[in-house]
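Have a look at the structure below before the remarks.
Where a number appears in this text, it was derived from the coordinates with a stated rule and is not lab data. Fair warning: this is a prediction, and the values are worked out from it, not measured in the lab. Neighbour counts are summed over all protein chains in view; Cβ atoms, including those assigned to glycine, are modelled from backbone coordinates with ideal geometry.
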Amino acid sequence: MGLKNTKLDLPEDADDICKTTGFNHGQLARLYRRFKHLSDGETYLTRDQLKNLRAVSDNPLGDRILEAFFFDDPECQETKKMTFNQFAHVLARFRPGNSGPANEINSKENKLKFAFSMYDITNDGYISYDEFIYVLKLVLGDHEQIETIAERSIAEADVTKNGRLSFDEFSQAMEHVAVDQKMSMRFKN
């Protein structure tokens, strides 16, 4: 009984993906196996394949999450397909945070940008009252106090008093929220 020398099943550009995402080879191999399973062995995943995942289909924000995944990359947006490299980069955003520079893929700022995109349905760089209401209804259902919650939330965060939230205003409102904990997943080797 000796140690087995096993070679990880990795894409050719694994080293580059590891450098840009922060995943190690073990984590990347696990994601790659999952990607190949989900894509039925194809070199890309479609939006429909991702939508069929229970974690996405059961999530009230599932469509918004997929929209953000695909909107983040112009090529994905155009082709409606996601390569493994793109898939790894999307998931890297949810790695537990770090104290590195703001350009790190899993920085608090990038996590906030993703959260902001969940609300910014029109992709105009602002969260309007109607967009906020729409997302709250997705999450909470037709709760009787949704309008009050939305009005109060926007009024508190809307520094410019223009009735909508910019990314800066949203970030400032989220300043004391543990974004790294709330928007992180553990990735096993």
Log entry: pair-distance distribution for the range 101-189, C-alpha pairs binned every 10 Å from zero, whole % per bin is 16, 44, 31, 7, 1
Among Ile154, Ile146, Ile121, determine the one that fluctuates most according to a GNM of the chain built with springs between C-alpha atoms less than 10 Å apart. Ile146
What whole number of Å gives the distance from the Cα centroid of the range 16-30 to the Cα centroid of the range 77-93? 14
What does the net charge come to around Leu61 if you take all other residues with beta carbon closer than 14 Å to its beta carbon, with K and R at +1 and D and E at -1? -1
Along the chain, longest interval not containing exposed GluC sites (Glu not before Pro), exposed being DSSP loop plus at most 15 other Cβ atoms within 10 Å: 43-143
In terms of the charge dipole of the chain, which places +1 on Lys and Arg and -1 on Asp and Glu at the beta carbon, the residue among Phe71, Ala55, Tyr119 farthest towards the positive end is Ala55
Farthest toward the dipole's positive end in the range 139-189, which of Ser171, Ile154, Gln181, given Cβ charges of +1 (Lys, Arg) and -1 (Asp, Glu) about the Cα centre? Gln181
Assuming a viscosity of 0.890 mPa s and a temperature of 25 °C, what translational diffusion coefficient in µm² per second does Stokes-Einstein assign to the range 12-92, Rh being the Kirkwood radius over Cα pairs? 189
Under 19 Å by backbone N from the virtual spin label 7 Å along Cα-to-Cβ at Glu109, the residues of the range 59-94 are 72-73, 90, 92-94
How much length is gained on full extension from Ser57 to Met185, taking 0.36 nm per residue of separation minus their Cα-Cα distance? 44.3 nm
Model label zone, Glu147; criterion: amide N under 16 Å from point 7 Å along Cα-to-beta-carbon; scope the range 102-129: 129
